[in-house]
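Working notes, beginning with the structure itself.
The values are calculated or read from the model by the stated rules, or taken from the named source; none is laboratory data. Every value quoted in this text rests on a predicted model; they were computed, and no experiment measured them. Neighbour counts are summed over all protein chains in view; Cβ atoms, including those assigned to glycine, are modelled from backbone coordinates with ideal geometry.
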Amino acid sequence: MSTLHSPSGSSTRMIELVTRLVTPVRTARRDGGRRPLPSAASAPSDRERGDIRDVSTVSADTPVDHDQNDLDGWPKAVWCLVGPTATGKTSLAVELARIAPVEIISADSRMVYRWMDVGTAKPDEATRRFAAHHLVDVVDPDEAFPVVEWVARAKGAIRRVTARGKQPLLVGGTGLYLRALCDGLDFPPVAPDAPYRASLEARAARDGWQSLLADLQEVDPASAATIDPKNVRRVIRALEVWRATGRPFSSWQVRTPPPFDNRWAGLDLPVEVHDAQITERVAAQFEAGLLDEVASLRTRGFDPALAPLDGLAYREASQLLDGEVDRAEAIRRYAASTRQYARRQRSWFRPDQRIRWFDARDATAAGLLAHFTE
């Protein structure tokens with residue numbers, strides 16, 4: 001693990017930082033006016049809370065202004081708090097909301113699902129009333145929610161937060177979400193085609209992955225040269241995009257930088273400490289009603305085989321409910337899977353030189369604010 005920083009600062013320095021944070025950003029408007037920022041941090045009003053709920057439940061076809069050539073409405077910078085699961089990102093973000101006018105935009109691919117609370121460590125209602133959260137409880141577990149949809153909604157949330165004079169703070173560990181938004185990755189607006197995918201998977205099983213690669217080489221040689229041919233899912237996705245759009249998958253792999261800067265902070269722990277913390281959290285989630293939550297999802301008619309319910313926490317809880325394992329084994333499996341997932345997240349984020357890493361054991365909101373505003 002690379003060096004983790006534990007910042008500190010005087011109360012005088014904190015006052016200076018907050019003052020800098022709320023200094024008006026001079027963003028030109030078509031009417032010649034200026035967009036001020038607030039004079040102090042505060043919890044959202046009742047009307048704002050209603051707007052916040054609307055952000056999370058807005059329908060997929062609600063029009064949102066994403067004209068990146070119009071700089072009005074975008075913040076000067078978006079702040080990003082990232083890192084492996086179970087390192088306290090949400091808790092620290094809420095603490096930051098106590099001392100600075102921020103609103104939190106979740107960058108967690110599982111918190112978008114309704115009725116999946118315990119297993120995703122979703123902040124409770126009281127926390128969300130105090131510190132505004134966006135992109136939480138957006139869709140049902142049986143609804144598709146591709147990266148391109150998250151990016152579109154995140155951009156809408158960023159503009160609404162900015163319009164309220166608050167600072168957008170992205171918080172989460174879904175690296176692809178964050179990179180797609182902050183690095184301007186372009187994703188094809190193509191929903192998964194289950195029957196087509198099934199036919200290609202059957203063909204790969206029958207004739208080998210080389211048969212799919214040959215098809216890809218014919219329609220998209222650039223992708224065929226860069227995608228691992230043994231990664232059948234990626235090959236199928238490339239063929240699926242070409243079939244739906246008539247454009248090679250590789251032609252979508254361009255970057256359009258967003259109209260805002262971004263500043264990054266990461267939370268992490270020494271591996272042995274993190275592993276122990278994961279074990280404790282897993283046990284606590286079972287105590288907090290994870291099994292009841294999974295049973296409730298089934299009662300609502302959601303198939304345990306759905307992708308969101310076949311992931312961490314929900315898969316192991318289902319195995320316990322179905323009598324496949326006992327409680328101790330379910331906890332062991334869940335903890336082991338979470339540790340593996342955390343390692344993958346660490347591998348994703350660590351090479352990014354933009355991220356300044358903090359030791360989650362003693363990171364503070366004041367230190368985080370100092371980093372974001374330096």
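Some points to look at:
- Scan of region 300-319 for residues that are assigned to a loop (DSSP other than H, G, I, E, B) and crowded, with 16+ Cβ neighbours inside 10 Å, ordered by number: Phe302, Pro304, Leu306, Gly311, Leu312, Ala313
- Taking region 326-349 as the range and being surrounded by fewer than 18 Cβ atoms within 10 Å (Cβ to Cβ) and not basic (Lys, Arg) as the test, the residues that pass are Asp326, Ala328, Glu329, Ala336, Ser337, Gln340, Tyr341, Ser347, Trp348.
- Residue ID - surrounded by the most Cβ atoms within 10 Å (Cβ to Cβ), chosen from residues in region 228-241 that are over 17 Å from Val147 (Cβ atoms) and free of Cβ contacts under 8 Å to residues at least 24 places away in the same chain: Pro229
- Index of the failed condition, Val282 passing every other in (1) assigned to a helix (DSSP H, G or I); (2) in contact with a Cys (Cβ under 6 Å, 6 or more places away or on another chain); (3) of a type outside the set (Asp, Glu): (2)
- Residue list for region 111-127, filter: in contact (Cβ under 8 Å) with a residue 60 or more places away in the chain and either surrounded by 22 or more Cβ atoms within 10 Å (Cβ to Cβ) or out of contact with any helix residue (DSSP H, G or I) (no Cβ under 9 Å at 6 or more places or on another chain) (or both): Met111, Tyr113, Met116, Gly119, Thr120
- Failed item in (1) closer than 24 Å to Tyr314 by Cβ; (2) touching a helix residue (DSSP H, G or I) at 6+ places or on another chain (Cβ under 9 Å), with Ile99 passing the rest: (1)
- Selection from region 151-175 of residues that are farther than 24 Å from Arg98 by Cα and free of Cβ contacts under 8 Å to residues at least 60 places away in the same chain: Val151
- Selection of region 227-260 for residues being more than 30 Å from His371 (Cβ to Cβ), of a type outside the set (A, V, I, L, M, F, W, C) and under 26 Å from the mean Cα position of the chain (by Cα) yields Asp228, Asn231, Arg233, Arg234, Arg237, Glu240, Ser250, Ser251, Gln253.
- Among all positions in region 301-321, there is at least one residue which is on the phi < 0 side of the Ramachandran plot, in contact (Cβ under 8 Å) with a residue 40 or more places away in the chain and acidic (Asp, Glu).
- Flag for Glu329 being in contact with a helix residue (DSSP H, G or I) (Cβ under 6 Å, 6 or more places away or on another chain), outside the structural domain of Pro84 (by TED's automatic domain parsing) and modelled with pLDDT of 95 or more: no
- Residue within region 261-278 that is within 17 Å of Leu178 (Cβ to Cβ) and either part of a loop (DSSP other than H, G, I, E, B) or more than 20 Å from the chain's Cα centre (by Cα) (or both) present: no
- Counting only residues that are under 28 Å from Leu178 (Cβ atoms), of a type outside the set (A, V, I, L, M, F, W, C) and over 19 Å from the mean Cα position of the chain (by Cα), region 279-312 holds 5 of them.
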